[in-house]
Structure formats: structure tokens, C-alpha cells
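Have a look at the structure below, then the notes.
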Amino acid sequence: MNLPVALNKESLAAWRQVYKLLRHSELMAHSAGFPNDALLATIISSQSLGHSSLPPDFGLGQARLAAMAHRHFPKLSFILPESWTPTDPLPEHQELVNLLLRYRAGLDESEYDIAVIVATACRGKDHLWQDLGLNNRKELSDLFQRNFPRLAAKNNRDMKWKKFLYKQLCEEEGIYVCRAPSCAECKDQPECFGPEQ
């Protein structure tokens, strides 16, 4: 006999976390052993549950997604939903990708895919680590350290990553939006440097 089970909010969140861990474990069991496999498994697992702002193709497009998936998880196939249509990227999407690629470590070809995925996640409304579907900000900092170490080193005051990326774009273009002469004097400093929950 099957009894109906009512899940409260906490129970539902716990079951989603269990599913995410199972999906992550499945991906890792079929991973190729590249440095970004675990990171991509987390991003893919989160997106499959709707725990990120990423679209089903992660901003890569069907062909690039298939190539990335085959490289990192060669025994699994990824199929986009039939009813899904790509969203328009941010106007600055390619500029964000180019910024990240200028600072890539040059150790693995997946750095290109990571750059596109990060730029795509920037269209989300939450902290960048949440928009990517990562578990915490440390995972995002590790992503930058591994894939874009020189850019990570520039964020030496631990600015929130999305704000930091846009600040870098503005500085490269010679556009200074902040009115304060320095971050230390800015009334909005907690918004840029405060803790991310």
C-alpha cells in the first residue's frame, strides 16, 4: 500500500539536495578525470534541478555542449529539451567572455567553456555562485583560481565576483561609474564587499 507523503519546505529542500548529490555522483562516476570535471558536474546537477540561472545549454549552444559533455563525461549523453529555445545573451556577454579568456590559465581547453558559462550566469539576479548553481562562494573563488588565476589575483580585496567582473570591464573601457574616489570611501561598499549568503 502506498501512502501519500506530504513534504514540508525543509523536507523538499533535503530531497532536492539528495537528488543533486546523486546526479553529481553519477556524472563523476563517468568523468574523464580532467581538472574541471567536478565543477562541471556541480553546475550540471544544479541546472538540472533548476538551482541556477543557466539555460539548458549553459550558454554554449548544442554543438559546444555536446563536445564539452563528451570530453568530460564521455559515457553520458546530454539532450536539450525539445521545447527549449535559446535566450538572447547579455549585450556585454562576449566582452565578459573575452575578459575571462584574457586571464585564462591555459592549462585545459575547458577554460573556454567555463568562461562562456560564467558570462551566461552573469545575467542571473543572484550572487554569481548561486547563478552558476555552486554550493558556496568558495567554490566560485576556486573556479577563478583554477581557470583564471591572474584575474583571481586582481580581486585581492575579495569583491563580490559579479561586481568585480563588471568593474574590470568598466575600467578597461575607461568608464568609472562609482562616484566615490575609492572603494574605502564609498557608501555602497557593503554591497560590493559584504558577505554573500
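Kindly indicate which of Leu96, Leu90, Leu128 is closer than 20 Å to Asp37 by Cα, surrounded by 13 or more Cβ atoms within 10 Å (Cβ to Cβ), of a type outside the set (Val, Ile, Thr) and under 17 Å from the mean Cα position of the chain (by Cα).
Leu128
Report the residue count in the stretch 34-45 for those that are closer than 18 Å to Asn147 by Cβ and part of a helix (DSSP H, G or I).
Count: 8.
Restricting the search to the stretch 88-132, which residues are in a loop (DSSP other than H, G, I, E, B), over 23 Å from Ala69 (Cβ atoms) and not acidic (Asp, Glu)?
Taking the stretch 88-132 and keeping what is in a loop (DSSP other than H, G, I, E, B), we get 88-92, 103-109, 122-127.
From the residues that got through so far, the ones that are over 23 Å from Ala69 (Cβ atoms) too are 88, 90-92, 103, 125-127.
Listed by number, the residues that qualify are Leu90, Pro91, Tyr103, Lys125, His127.
For the stretch 109-120, state whether one or more residues are surrounded by fewer than 17 Cβ atoms within 10 Å (Cβ to Cβ), closer than 17 Å to Phe148 by Cβ and not small (Gly, Ala, Ser). Before you say what the answer is, go through the steps one by one.
From the stretch 109-120, those surrounded by fewer than 17 Cβ atoms within 10 Å (Cβ to Cβ) are 109; that's our starting set.
Next, only the ones that are closer than 17 Å to Phe148 by Cβ stay: 109.
Next, only the ones that are not small (Gly, Ala, Ser) stay: 109.
Checked against the condition, which is being surrounded by fewer than 17 Cβ atoms within 10 Å (Cβ to Cβ), closer than 17 Å to Phe148 by Cβ and not small (Gly, Ala, Ser), the stretch 109-120 yields at least one hit.
Residue by residue, here is whether (1) free of Cβ contacts under 8 Å to residues at least 60 places away in the same chain; (2) over 17 Å from Phe164 (Cβ atoms) holds:
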position	(1), (2)
Leu96	no, no
Arg104	yes, no
Leu107	no, yes
Tyr112	yes, yes
Val118	yes, no
Asp126	no, no
Gln130	no, no
Leu134	no, no
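Which one is surrounded by the fewest Cβ atoms within 10 Å (Cβ to Cβ) among residues in the stretch 71-87 that are modelled with pLDDT of 85 or more and in a loop (DSSP other than H, G, I, E, B)?
Per the stated criteria, the residue is Lys75.
The values are calculated or read from the model by the stated rules, or taken from the named source; none is laboratory data. Everything quoted here is computed from the prediction, not taken from an experiment. Neighbour counts run over all protein chains shown; Cβ positions are idealised from the backbone, glycine included.
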